[in-house]
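Input: a single structure, listed below in structure tokens.
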Amino acid sequence: MPRHLMEGAKRGDTILEARGITKRFPGVVANDRVDFEMRAGEIHAILGENGAGKTTLMKILYGLMQPDEGEIWIGGQKVRLNSPLDAIDFGIGMVHQNRKLVNAHTVLENIMLGHPGAGRILNKKKAAEEISALCDRYGFKIDLNAMVWQLSEGEKQVVEILKALYRGAKILILDEPTSALAPPETEKLLDSVEAMADDELAIIPFITHKLPIVLTTSHRVTVLRRGKVIARLQTADATEHSLAKEMVGREVIFNIERPQVERGKPVLQVENVSAMSNRGFLALQNVSFTVHEGEVFGIAGVSGNGQHELAEVLAGLRKAESGRVLLDGKEITQASSLERWQLGVGYIPAERNEVGSVGDFSLVENVTLNYYFDENFTRRGIVDYGNLRKLTEDLIAEYGVATPNADVKAMNLSGGNLQKLILARVLARSPRLVIANLPTQGLDVGATEFVQNRILEAKKAKAAVLLISEDLDEVLALSDRVAPIYEGEFMDDIAAEEVDRDLVGAMMAGLRKGVAA
């Protein structure tokens, strides 16, 4: 097997080198003569903004793409990775941010699926013993007989890592490894990652904005910007601010000052609302809360705990099974999404590509989606595209959307620029209620800073803001009140000045109010 090239490597030995990697796509150079190396027993983080070239480089190292120029060396030998199977044979494993698991199978079956050495007859007993040994070695706790659909996001992450380790990975590439985890799950994962590095595995986390994790966990950092290596440094010599400046090319303000705004009258009232998931079970259970003018109400939770269903109920995209929703005292429980828009509900969906925009539409056409019913932009039922073009161009300039012109298709924008356009389209209408569902997910530090500041500006304009986020630090930084959610229920409703971060993190993982950790 080719993975013998890494056998016998000791801590500090270079086991992988990427030399002069260049990858071009139409109109863009994703990787521009990138050099990168990994050493045994090292955690080497790759940082960069959206579109900096991190994902392209990792896909090349995992055999999902071929470089236009450059070489890959493993264990001192030049190699060619034509597919992920080649990468696996050379001892490289990759854990994707989007899970590659089969919900209908057990944990054990998922780990065994596609194993190159499984043979024609599966020996599940032997596999279970070997996987249990890996769990003991690296501190993972998982029920091998559980169905994947029953698992939390943290447990699914563990399954993906075990799958790579079971295939013999000596180099482990982790895509945004903590993005969907509750704080306790994050701590457990990082402990396991450090244990793997102590066992002389090489770990490559590539990360968009969780810089504190980089600083506390990694040994070295490589920063990419616009496809080029901007910096290589020892993590001990870096700070959160210095890394962000290298990534973005300017100073980034992390300590956002939450403006003090006098809380006004109730805007959104939710009374005992329940809703079903797409899989037919009760995802939201008798939730009640109120959001006032000039207030950010933050819902903190791990993915899959009912917050997505709540956002869709409030936006008019999902039916409430029971309960009532009121806007400025008027019941809108049965109102359509269009009626809610017209009443002043602004919705920023989590799925910016699937729900928030139409990829084949131009930017003007995407802005039109929220204005075609507005009498200022229609004349006798005919859309005034001239006026809408001017609006779109004004929004592009005001929100700093990087695009050649307003005729560019939405699919050609980066994630951060598309989110800016969606945000601009919503906030330009000065909504009474802003529903921001995962507004900074997947964004780099610069775009995250921009979006968060715009949300706070909406608050200062006396909008009521419902913020839904899986990033606890974001919720705590922006919110006046915080509600941890778990399995469709609020665990508490806490004023910002009374928040205990550790307790809120534990509630996100299921700790009931008033129960000692």
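Please enumerate the residues belonging to region 458-473 that are under 18 Å from residue 345 (Cβ atoms) and either of a type in the set (Gly, Ala, Ser) or without any contact (Cβ under 8 Å) to a residue 40 or more places away in the chain (or both).
Hits for region 458-473 are 458, 461, 463, 464.
The conditions are (1) assigned by TED's automatic domain parsing to the domain that holds residue 462; (2) in a helix (DSSP H, G or I); (3) small (Gly, Ala, Ser), and residue 386 fails exactly one of them. Which is it?
If we test residue 386 against (1) assigned by TED's automatic domain parsing to the domain that holds residue 462; (2) in a helix (DSSP H, G or I); (3) small (Gly, Ala, Ser), just (1) comes out false.
Are there any pairs, at least 6 apart or on different chains, whose C-beta atoms fall under 7 Å, with the first in region 255-276 and at positive phi and the second of a type in the set (Ser, Thr, Tyr) and surrounded by 12 or more Cβ atoms within 10 Å (Cβ to Cβ), and if so, which?
As it stands, the answer is 272/288; 272/322, since those pairs meet every condition given.
How many residues does region 252-309 contain that are part of a strand (DSSP E or B) and in contact with a His (Cβ under 9 Å, 6 or more places away or on another chain)?
4
Right, residue 360: acidic (Asp, Glu) and more than 24 Å from residue 438 (Cβ to Cβ) or not?
Against the criterion (acidic (Asp, Glu) and more than 24 Å from residue 438 (Cβ to Cβ)), residue 360 does not qualify.
Among the numbered criteria (1) over 18 Å from residue 201 (Cβ atoms); (2) in a strand (DSSP E or B), which single criterion is violated by residue 85?
In the conditions (1) over 18 Å from residue 201 (Cβ atoms); (2) in a strand (DSSP E or B), residue 85 misses (2) alone.
Return the only residue of 416, 442, 400, 381 being surrounded by 18 or more Cβ atoms within 10 Å (Cβ to Cβ) and at positive phi.
Going through 416, 442, 400, 381 in turn, just one is surrounded by 18 or more Cβ atoms within 10 Å (Cβ to Cβ) and at positive phi: 442.
Which condition from (1) small (Gly, Ala, Ser); (2) modelled with pLDDT under 85; (3) part of a loop (DSSP other than H, G, I, E, B) is the one that residue 104 breaks?
Tallying (1) small (Gly, Ala, Ser); (2) modelled with pLDDT under 85; (3) part of a loop (DSSP other than H, G, I, E, B), residue 104 fails exactly one: (2).
From 213, 207, grab the single residue that is among the β-branched types (Val, Ile, Thr), crowded, with 18+ Cβ neighbours inside 10 Å and at pLDDT 80 or above.
Every option except 213 fails the conditions.
Among the residues of region 314-372, which ones are in a loop (DSSP other than H, G, I, E, B), within 24 Å of residue 392 (Cβ to Cβ) and touching a residue at least 60 places away in the same chain (Cβ under 8 Å)?
Once the filter is applied, which keeps residues that are in a loop (DSSP other than H, G, I, E, B), within 24 Å of residue 392 (Cβ to Cβ) and touching a residue at least 60 places away in the same chain (Cβ under 8 Å), region 314-372 yields 344, 349, 350, 352, 353, 356, 357.
Let's see how each residue does on (1) closer than 21 Å to residue 221 by Cα; (2) surrounded by fewer than 21 Cβ atoms within 10 Å (Cβ to Cβ):
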residue	(1), (2)
43	yes, no
61	yes, no
64	no, yes
69	no, yes
81	no, no
93	yes, no
103	no, yes
106	no, yes
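What about residue 156, is it surrounded by 18 or more Cβ atoms within 10 Å (Cβ to Cβ), under 22 Å from residue 113 (Cβ atoms), at pLDDT 90 or above and of a type in the set (D, E, K, R)?
No: the conditions fail for residue 156.
Only one of 197, 146 is over 23 Å from the mean Cα position of the chain (by Cα), under 19 Å from residue 103 (Cβ atoms), outside the structural domain of residue 441 (by TED's automatic domain parsing) and in contact (Cβ under 8 Å) with a residue 24 or more places away in the chain. Can you tell me which?
So the residue among 197, 146 that is over 23 Å from the mean Cα position of the chain (by Cα), under 19 Å from residue 103 (Cβ atoms), outside the structural domain of residue 441 (by TED's automatic domain parsing) and in contact (Cβ under 8 Å) with a residue 24 or more places away in the chain is 146.
So which residues in region 231-245 are surrounded by 13 or more Cβ atoms within 10 Å (Cβ to Cβ) and closer than 17 Å to residue 213 by Cα?
233, 235, 238, 240, 241, 242, 243, 244, 245
Counting just the residues of region 107-124 that are touching a helix residue (DSSP H, G or I) at 6+ places or on another chain (Cβ under 7 Å) and not in a helix (DSSP H, G or I), which one comes out modelled with the lowest pLDDT?
118
Looking for whichever is in contact with a Ser or Thr (Cβ under 9 Å, 6 or more places away or on another chain) and either modelled with pLDDT of 85 or more or within 18 Å of residue 259 (Cα to Cα) (or both) here; the options are 496, 477. Which one fits?
Matching residue, one of 496, 477: 496.
Within region 446-492, take every residue that is of a type in the set (D, E, K, R) and in a strand (DSSP E or B) and give me the one that is surrounded by the fewest Cβ atoms within 10 Å (Cβ to Cβ).
489
If you scan region 394-436, which residues turn out to be under 20 Å from the mean Cα position of the chain (by Cα), outside any helix (DSSP H, G or I) and modelled with pLDDT of 90 or more?
If the condition is that a residue be under 20 Å from the mean Cα position of the chain (by Cα), outside any helix (DSSP H, G or I) and modelled with pLDDT of 90 or more, then 435, 436 are the ones that fit.
Mind checking which residues of region 238-251 are within 30 Å of residue 24 (Cβ to Cβ) and either part of a helix (DSSP H, G or I) or at pLDDT 85 or above (or both)?
243, 244, 245, 246, 247, 248, listed by residue number.
The values are calculated or read from the model by the stated rules, or taken from the named source; none is laboratory data. Since the structure is predicted, the reported quantities are computational estimates derived from the model, not experimental observations. Counting neighbours? That spans all protein chains shown, and the Cβs are built from the backbone with ideal geometry, glycine included.
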